[in-house]
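Notes to accompany the following structure.
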Amino acid sequence: MEGKKETHQFKTEVQQLLNLIINSLYSNKEIFLRELISNASDAIDKLRFKSQTEPEILGEDTEFRIKITADKENNTLEVSDNGIGMTYDEVMENIGTIAKSGTSAFMDALEKSKSQELLTPELIGQFGVGFYSSFIVAEKVTLITKPAGPEATATRWESTGDGSFDIEETTKDSRGTTVILNLKKPEDGEQDFTEEWTIRSIVKKHSDFVAYPILMDVEKDEQIPEKEQILDKDNKPVATTRKVEKEETLNSMKAIWARDKKEVSDDEYNEFYKHISHDWNDPLTHIHLKLEGTTEYSMLLYLPSKAPFDLFHQERKHGIQLYCKRVFIMEDCKELLPEYLRFVKGVVDAPDLNLNISREILQQDRLVKNIHKNIVKKILDLLAGMEKEEYEKFYNEFGAVIKEGVHVDWENKDKIADLVRYKTTKSDDKLISLQEYVDNMKSDQKEIYYITGDSLSALINSPHIEQLKDKDYEVLLMTDPVDEWVTMSLTEYKEKKLKSAEKGDLELDKVDDKKKDEYTDLFKYIQTSLEDKIKEVKPSSRLRDSLSCLSGDTHDMSAYMEKLLKSSGQETVGAKRVLELNVNHPALGKIKTLFEEDKDNEMLKDYSNLLLDMAIISEGGKVENPARFSKMVGELMSGAL
């Protein structure tokens with residue numbers, strides 16, 4: 001790869017993103033420095049962890065550090081580290097294309113808003129493009145990096161954000177990464193990022209807790225030794241002090257999780273959260289604990305206030321940072337956190353862990369299992385103890401994820417069930433808990449009724465719940481795909497069974513036996529006409545106003561579950577469903593009369609298909625022959641008018 005140099009064009013959406021970053025105005029431009037320092041800290045963390053098993057990788061450079069260099073004359077700012085560094089290919093992968101997974105989602109969000117007002121620091125942080133906040137203050141960004149290792153080759157990446165970037169091999173004396181910003185000239189009243197006090201205040205505010213020294217050469221007054229002083233004609237010293245540059249550490253490097261929580265301010269907690277999560281929003285709340293006894297460890301865990309865009313992406317990293325005696329061990333330690341709590345961010349420091357511990361050992365480690373159990377308990381207790389308004393904010397962002405726990409965490413299933421919330425036929429668009437539902441149940445009601453689907457409007461108007469609403473029974477409206485798995489696992493709550501409104505016998509008002517007998521022959525005819533599509537035709541105890549609906553046996557797959565599986569590309573062999581008909585509906589009475597007068601009338605087959613199509617449409621499904629359905633409705637309208 002010797003002498004390799006290339007110029008690449010940014011993709012269209014990436015260029016759009018850069019244009020927005022470069023041309024938008026910010027009230028807190030200083031966050032770019034926090035992002036660069038965080039990236040440098042992450043790079044050192046990775047090298048420090050690798051050095052536990054490969055100590056030779058450090059060579060003679062064993063003192064980790066981050067260095068800030070400001071050049072007022074040339075209006076440049078440089079942030080460098082002696083961390084893991086990157087190869088040519090890694091630069092192309094991580095820097096040349098901007099956060100690949102985030103860019104398209106970011107642009108989708110912008111498209112929906114049709115406004116540049118959406119481009120806030122919070123949104124940039126949410127979509128993982130923090131490095132590019134450099135373009136807020138810089139007219140050109142240069143990155144020079146060299147990976148750790150004796151045979152490593154350095155790489156230079158440079159862009160003005162004008163649509164392209166250059167990348168080439170270069171030379172660098174030591175490992176690590178240096179980011180050089182050619183700054184835009186500050187306008188009147190704006191911060192000058194080459195000023196010492198400006199840099200000091202930003203580091204103190206945003207990065208004081210970073211675990212490695214953040215260094216900067218600062219100008220100080222130094223006493224001139226008497227023998228070196230120059231005397232004037234009156235034999236007095238011309239000057240007793242002189243200006244010298246000395247390297248100074250700007251941050252305290254105190255591990256925030258190791259401090260007494262009484263000594264940590266809300267601002268410090270918030271800034272540390274932003275450092276480890278790269279989320280620019282303040283967290284919703286946090287847990288800071290030190291557990292002592294036979295096992296000892298500290299934890300500082302955060303609940304975000306906003307869900308990240310990739311919360312449901314399979315490849316998304318999740319987990320919390322694991323430390324041992326303040327030495328970074330692992331970035332995304334999934335062994336400490338179940339999947340359904342993947343939104344939690346934070347740090348666990350366990351002094352008794354082996355520094356060289358592997359993921360395989362982690363899975364078997366008794367201490368890790370103990371920490372995992374405690375983390376889950378503390379988080380679930382925190383959520384259960386939240387004020388209603390605060391919990392609603394959390395649930396609107398992460399409710400669908402929490403509900404996954406009902407299906408996968410049997411040990412805590414009841415606790416998680418207490419946390420789930422649903423809209424209902426009586427909740428006036430508000431979310432209620434299962435406990436509130438039970439408290440509101442009618443005295444003669446024995447079961448908790450629910451219905452699943454992808455549209456709230458379709459569910460609340462579903463024919464399946466007409467008789468339930470007529471009896472003034474409340475029905476849970478479940479519109480999250482995960483609810484199908486919730487109902488598989490949560491078969492009862494507080495000794496009240498959960499009952500699907502579209503499956504099995506609802507055991508409401510029984511259909512009159514005499515009326516049922518009157519329709520026996522017609523129902524047999526309809527069942528024969530539709531035998532390839534349905535299992536049975538029977539009088540409905542669900543319907544009050546509608547003419548038809550489809551139902552299933554108690555343990556059959558619901559229509560919504562079948563739809564979900566098909567949309568994910570899975571083959572489904574769903575059981576045939578039951579066509580339920582409303583024997584009190586006048587239209588069915590007229591079909592019965594037509595059947596009794598002329599059993600060979602061709603219209604009977606059409607009406608049989610129409611009854612099925614109406615049932616399918618009422619639950620949001622697609623009819624087999626839309627043209628036939630449209631034609632029949634048109635003819636019926638013509639006759640009625």
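In table form, for the structure just shown:
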| item | result |
| --- | --- |
| Selection count, region 327-350, where residues are closer than 16 Å to residue 288 by Cβ and touching a Pro at 6+ places or on another chain (Cβ under 9 Å) | 2 |
| Scope region 288-311; condition more than 30 Å from residue 399 (Cβ to Cβ) and either buried (at least 21 other Cβ atoms within 10 Å of the Cβ) or touching a helix residue (DSSP H, G or I) at 6+ places or on another chain (Cβ under 7 Å) (or both); matching residues | 295 |
| Subset of region 312-325 [touching a helix residue (DSSP H, G or I) at 6+ places or on another chain (Cβ under 7 Å), in contact (Cβ under 8 Å) with a residue 24 or more places away in the chain and closer than 20 Å to residue 44 by Cβ] | 320, 321, 322 |
| Condition met for residue 389 (assigned to a helix (DSSP H, G or I), open to solvent by 40 Å² or more (accessible area, probe 1.4 Å), out of contact with any His (no Cβ under 6 Å at 6 or more places or on another chain) and farther than 27 Å from residue 507 by Cα) | yes |
| Members of region 160-191 that are touching a residue at least 60 places away in the same chain (Cβ under 8 Å) and either over 23 Å from residue 41 (Cα atoms) or touching a His at 6+ places or on another chain (Cβ under 6 Å) (or both) | 161, 163, 164, 165, 166, 167, 168, 169, 185, 190, 191 |
| Those helices (runs of 4 or more DSSP H) lying entirely in region 411-465 with at least 3 residues touching a residue at least 24 places away in the same chain (Cβ under 8 Å) and among the hydrophobic types (A, V, I, L, M, F, W, C) | 413-419, 456-460 |
| Test set (1) closer than 21 Å to residue 623 by Cβ; (2) open to solvent by less than 80 Å² (accessible area, probe 1.4 Å) - residue 519 fails condition number | (1) |
| Single residue of 38, 104 found to be within 30 Å of residue 333 (Cα to Cα), modelled with pLDDT under 70 and of a type in the set (Ser, Thr, Tyr) | 104 |
| Residues located in region 522-544, provided they are assigned to a loop (DSSP other than H, G, I, E, B) and either closer than 23 Å to residue 447 by Cα or open to solvent by less than 20 Å² (accessible area, probe 1.4 Å) (or both) | 530, 540, 541, 542, 543, 544 |
| Filter result for residue 134 (among the hydroxyl-bearing types (Ser, Thr, Tyr), at pLDDT below 95 and surrounded by fewer than 20 Cβ atoms within 10 Å (Cβ to Cβ)) | no |
| For residue 49: the one exception among (1) at pLDDT 85 or above; (2) more than 19 Å from residue 181 (Cβ to Cβ); (3) in contact with a Phe, Trp or Tyr (Cβ under 7 Å, 6 or more places away or on another chain); (4) open to solvent by 20 Å² or more (accessible area, probe 1.4 Å) | (1) |
| Condition check for residue 583: of a type in the set (A, V, I, L, M), surrounded by 15 or more Cβ atoms within 10 Å (Cβ to Cβ) and part of a loop (DSSP other than H, G, I, E, B) | yes |
| Enumeration of residues in region 392-425 that are of a type in the set (S, T, N, Q) and surrounded by 18 or more Cβ atoms within 10 Å (Cβ to Cβ) | 412, 424, 425 |
| Among residues of region 161-192, those that are open to solvent by 20 Å² or more (accessible area, probe 1.4 Å) and in a loop (DSSP other than H, G, I, E, B), counted | 15 |
| Qualifying residue in region 442-451 (condition: closer than 27 Å to residue 557 by Cα, β-branched (Val, Ile, Thr), at pLDDT 95 or above and under 22 Å from the mean Cα position of the chain (by Cα)) | no |
| Cβ pairs under 7 Å, 6+ apart, first in region 592-604 and under 17 Å from residue 519 (Cα atoms), second in a loop (DSSP other than H, G, I, E, B) | 592/519; 594/601 |
| Selection count, region 211-238, where residues are part of a loop (DSSP other than H, G, I, E, B) and not basic (Lys, Arg) | 11 |
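Residues checked against (1) free of Cβ contacts under 8 Å to residues at least 12 places away in the same chain; (2) within 24 Å of residue 548 (Cβ to Cβ); (3) not in a loop (DSSP other than H, G, I, E, B):
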{"position": "469", "(1), (2), (3)": "no, yes, yes"}
{"position": "473", "(1), (2), (3)": "no, yes, no"}
{"position": "477", "(1), (2), (3)": "no, yes, yes"}
{"position": "480", "(1), (2), (3)": "no, no, no"}
{"position": "486", "(1), (2), (3)": "no, no, yes"}
{"position": "497", "(1), (2), (3)": "no, no, yes"}
{"position": "505", "(1), (2), (3)": "no, yes, no"}
{"position": "508", "(1), (2), (3)": "no, yes, no"}
{"position": "511", "(1), (2), (3)": "no, yes, no"}
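The values are calculated or read from the model by the stated rules, or taken from the named source; none is laboratory data. Bear in mind the structure is a predicted one, so any value in this text is a computation, not a measurement. All Cβ positions, glycine included, derive from the backbone under ideal geometry; neighbour counts span all protein chains shown. SASA here: full protein model, heavy atoms, side chains in, ligands and nucleic acids out. Shrake-Rupley method; radii C 1.70, N 1.55, O 1.52, S 1.80 Å.
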